[in-house]
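> I have a structure I would like to understand better, so I am pasting it below and will then ask my questions one at a time.
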Amino acid sequence: MQEWSAAEAEAGPDVVASDRDAPVIATRALTKRYRGGQLAVDGLDLTVPAGSVFGFLGPNGSGKTTTIRMLMGLIEPTSGTARVLGRPMPRSSRAVLPHIGALIEGPALYGFLSGRDNLLRYDAADPTADPSTRRTRVGAALDRVGLTTAAGKKAKAYSLGMKQRLGLAAALLQPRRLLVLDEPTNGLDPQGMREIRSLVRELASDGTTVFLSSHLLDEIEQVCTHAAVMAQGRLITQGAVADLAAGARGRLVVTTPDVSDAARVLKEQGVADVVVAEDRVTCEPPDRELADVNAALVTANVRVRGFGVERASLEDAFVALTGEGFDVAG
Amino acid sequence: MSPVETAVTAQPPVVQKPNPLWTFGLLRSELVTTFRRWRTLALLAVLAAVPVLIGIAVKSQTNGGPGGGGHGADGGPAFITQVTNNGLFLVFTALAATLPFFLPMAIGVIAGDAIAGEANSGTLRYLLVAPAGRTRLLFAKYTATMAFCLVATLVVAISALAVGALLFPLGDLTTISGTRISFADGLGRALLIALVVAASLVGVAALGLFVSTLTNSGIAAMATTVGLVITVQILDQIPQLHALQPYFFSHYWLSFADLMRDPVYWDDLIHNLGLQALYAAVFGSAAWARFTAKDITA
Ligand SMILES: Nc1ncnc2c1ncn2[C@@H]1O[C@H](COP(=O)(O)OP(=O)(O)OP(=O)(O)O)[C@@H](O)[C@H]1O
Ligand SMILES: [Mg+2]
């Protein structure tokens, strides 16, 4: 806190720090306890590198939305600090937020206004938005999410996916440096999901940092360069997606009609966690040479159809980190 | 590249220096949005209908038998007896009839919904990340509510004037003090009265806005505000509360009738306007203090 104040005085109040290499989001021991006493975020140290597509993962109720609310200055942290685009939040909301497009907990619209009028209203709320270009920018944003033909329809007549698209359009009204998307593909059809993915890639290639919370792990795996995993308000891990997936070990998979023999031989070979399923036996890959394991199977007259290590998906990593349990932590 | 160099070369994309005037875009949007709401239009329609009903009632009574006309509302000015002689009195009658309940109720609905309604629909969080700025948004909301006070009062006045002109004769009129003034003078006073009535609602508007910052339910905020309006007027009738009554926002409301005296009797009018300013200051600050510190989770 102290050392930052000095830097800020130098930068002047109107300049949002534009150092490309500095993290776009940096939190330190960020904590939020709601008034009801619920500890929703607990000592979060999050670093989102500039230019990354950052996946923010976690089971229901793990504190993702709460974190985003603090980053956007909607709620005050109980303790700790959050810096967005190099400036402290929520104190610098006015300077920082015009550079950020956000979709938080689904879209919210004025049902009695048309899609276009909704965007005009949100744009008018931004004092840094030029009214002379407002209509063109709204038109461009509508076009970008594929809503041009439905723009004149009242928002209450929109389907869930159309609302989601309109919410996304609101985040794209101006060129942004950071896009914060809380479950952006919620309610979208497969076509819509693909469009969002390509949109995210396109924005990222323009240099926009995208901060994306989602439950859809393959989605994160497909678009994200970095990810963080939350559970019960705590950060479990963060880093490059490739590193995270690598962190979870793959499984050795043996495909064979003789599953019981294969399982016995594998256990004799000293491998751990042998699981038998239909015509497959899986286990933790042993540290020794895999060819020797295969040779041992063949020597024991196990008919091997397939033998190899399956790479761990992010889903495996996620489950390994947050636990298999389905129940939401209170 | 050193960080310093980067900072110099890699400026944020274009973002032209914002013009200070752009800040009024929100206010304009707020006014447009408020008056496009079906609810707002329905309230204005109800208010416009009140003078029509009064006009027709008075007309049919006088048709039934001469000497009719009835009495003014309890404690209220007895303008209604004059309506048959001069349609302009329908303006005063209609304002006197709507000021105790219909007008403050309409204001309570609009003010109560101002913040709570946006929180309810979730649009508040998007306005705030736009970023509207909490103080700026509250200011826009209060201004739009006051604009509604003015429009609502003018709707009653204009509707009453139209109905009065249609059903009754117009012409010179007699003031409460018994002096005669010209029709033009009377029209001027009617406008002044409408403005004073609108200003009388400023306190309720501030109160409603404050209530609106306390909850995330638009309906609850509206109901609370309207409930307060009714409660205060009931308390204003209880003699034991004599000492408190000068501080009730509705206490001097009917003082607008003093504008129809010749010469005008200013004391209560000034009390009223001062009291409204006090309410606006107190509840405006309370709303600001509450809203700028509030966690927006809806
Ligand atoms: N307004 C609130 N008041 C009190 N507690 C809250 C509030 N909002 C959220 N919580 C609690 O804080 C915790 C984290 O909630 P949060 O909404 O941040 O989770 P999330 O990770 O976004 O979940 P999901 O994936 O379901 O969206 C939960 O235990 C929740 O019950
Ligand atoms: Mg959430």
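> Taking region A:95-112 as the region of interest, how many residues are within 16 Å of ligand 1 (Cβ to nearest atom), more than 18 Å from A:L199 (Cβ to Cβ) and not charged (D, E, K, R)?
Step one: filter region A:95-112 for residues within 16 Å of ligand 1 (Cβ to nearest atom), giving A:102-108.
With the extra rule that they be more than 18 Å from A:L199 (Cβ to Cβ), the set shrinks to A:105, A:108.
Restricting the remaining residues to those that are not charged (D, E, K, R) gives A:108.
Result for region A:95-112: 1.
> Continuing with the same structure: Can you tell me which residue among A:T78, A:T128, A:T133, A:T65 is within 11 Å of chain B (Cβ to nearest Cβ), among the hydroxyl-bearing types (S, T, Y) and under 19 Å from A:E183 (Cβ atoms)? I'd like the intermediate steps shown before the answer.
Values: A:T78 fails: under 19 Å from A:E183 (Cβ atoms); A:T128 fails: under 19 Å from A:E183 (Cβ atoms); A:T133 fails: under 19 Å from A:E183 (Cβ atoms).
From the options A:T78, A:T128, A:T133, A:T65, the qualifying one is A:T65.
> Can you find a residue that is more than 17 Å from the chain's Cα centre (by Cα), farther than 30 Å from A:T128 by Cβ and outside any helix (DSSP H, G or I) anywhere in region B:196-210? Walk me through it before giving the result.
Residues of region B:196-210 that are more than 17 Å from the chain's Cα centre (by Cα), as a first pass: none.
The answer is no; no qualifying residue exists.
> Also, I was wondering about something else. Restricting to helices (runs of 4 or more DSSP H) lying wholly in region B:85-154: which have 1 or more residues that are closer than 20 Å to B:T215 by Cβ and touching a residue at least 40 places away in the same chain (Cβ under 8 Å)? Outline the logic, then answer.
Details: elements: B:89-98, B:102-121, B:123-129.
Hits in region B:85-154: B:102-121, B:123-129.
> All but one of (1) more than 14 Å from every other protein chain (Cβ to nearest Cβ); (2) within 30 Å of A:T66 (Cβ to Cβ); (3) in a loop (DSSP other than H, G, I, E, B) hold for B:W288, so report the exception by its number.
The number of the failed condition is (3).
> State which residue is farthest from B:L137 (Cα to Cα) when the search covers only region A:56-94 and only residues that are within 13 Å of ligand 1 (Cβ to nearest atom) and in a strand (DSSP E or B).
A:L57
> Regarding region B:134-146, can at least one residue be identified that is more than 7 Å from chain A (Cβ to nearest Cβ), among the β-branched types (V, I, T) and either in contact with a strand residue (DSSP E or B) (Cβ under 8 Å, 6 or more places away or on another chain) or surrounded by fewer than 24 Cβ atoms within 10 Å (Cβ to Cβ) (or both)?
Yes, region B:134-146 contains a residue that is more than 7 Å from chain A (Cβ to nearest Cβ), among the β-branched types (V, I, T) and either in contact with a strand residue (DSSP E or B) (Cβ under 8 Å, 6 or more places away or on another chain) or surrounded by fewer than 24 Cβ atoms within 10 Å (Cβ to Cβ) (or both).
> I'd like to know if region A:141-161 contains one or more residues that are within 14 Å of another protein chain (Cβ to nearest Cβ), more than 17 Å from A:Y110 (Cβ to Cβ) and modelled with pLDDT of 90 or more.
The answer is no, given that none of the residues of region A:141-161 is within 14 Å of another protein chain (Cβ to nearest Cβ), more than 17 Å from A:Y110 (Cβ to Cβ) and modelled with pLDDT of 90 or more.
> Give the residues of region A:95-118 that are more than 25 Å from the chain's Cα centre (by Cα) and within 22 Å of B:T135 (Cα to Cα), sorted by residue number.
Looking only at region A:95-118, we keep the residues that are more than 25 Å from the chain's Cα centre (by Cα), and these are A:110-118.
Within region A:95-118, A:Y110, A:N118 meet the criteria.
> Taking the condition farther than 17 Å from B:I296 by Cβ and of a type in the set (A, V, I, L, M, F, W, C), does B:V109 pass? Full working, then the answer.
Numbers: farther than 17 Å from B:I296 by Cβ: yes; of a type in the set (A, V, I, L, M, F, W, C): yes.
Criteria met by B:V109.
> Let me confirm something: among B:L191, B:L161, B:L166, which residue is assigned to a helix (DSSP H, G or I), free of Cβ contacts under 8 Å to residues at least 40 places away in the same chain and not hydroxyl-bearing (S, T, Y)?
Details: B:L161 fails: free of Cβ contacts under 8 Å to residues at least 40 places away in the same chain; B:L166 fails: free of Cβ contacts under 8 Å to residues at least 40 places away in the same chain.
One residue alone meets the criteria, B:L191.
> Continuing with the same structure: Only one of these is assigned by TED's automatic domain parsing to the domain that holds A:A242, buried (at least 22 other Cβ atoms within 10 Å of the Cβ) and more than 16 Å from ligand 2 (Cβ to nearest atom): A:G58, A:G73. Name it. Spell out the reasoning first.
Values: A:G58 fails: more than 16 Å from ligand 2 (Cβ to nearest atom).
Only one candidate qualifies: A:G73.
> Give the number of residues within region A:218-230 that are within 16 Å of A:N186 (Cα to Cα) and either within 16 Å of ligand 2 (Cβ to nearest atom) or within 14 Å of chain B (Cβ to nearest Cβ) (or both).
So the answer is 2.
> Checking the structure you have, find out if any residue of region A:44-52 is small (G, A, S), surrounded by 24 or more Cβ atoms within 10 Å (Cβ to Cβ) and in contact with a strand residue (DSSP E or B) (Cβ under 9 Å, 6 or more places away or on another chain). Give the derivation first.
The initial filter retains those residues of region A:44-52 that are small (G, A, S), namely A:50-52.
Now drop any that are not surrounded by 24 or more Cβ atoms within 10 Å (Cβ to Cβ), which leaves none.
The answer is no, given that none of the residues of region A:44-52 is small (G, A, S), surrounded by 24 or more Cβ atoms within 10 Å (Cβ to Cβ) and in contact with a strand residue (DSSP E or B) (Cβ under 9 Å, 6 or more places away or on another chain).
> Here's a follow-up. So, in region B:276-298, of the ones that are of a type in the set (G, A, S) and in contact with a Phe, Trp or Tyr (Cβ under 8 Å, 6 or more places away or on another chain), which residue ends up nearest to ligand 2 (Cβ to nearest atom)? Step through it out loud before you land on a result.
At the first step, the residues of region B:276-298 found to be of a type in the set (G, A, S) are B:277, B:280-281, B:284-287, B:289, B:293, B:298.
When the remaining residues are screened for being in contact with a Phe, Trp or Tyr (Cβ under 8 Å, 6 or more places away or on another chain), the result is B:284, B:286-287.
Details: B:G284: 34, B:A286: 32, B:A287: 29 Å.
Only one residue tops the list, namely B:A287.
The values are calculated or read from the model by the stated rules, or taken from the named source; none is laboratory data. On a predicted model such as this, the values are computed, not experimentally measured, just so you know. Glycine gets a Cβ as well: all are built from the backbone with ideal geometry, and neighbour counts include every protein chain shown.
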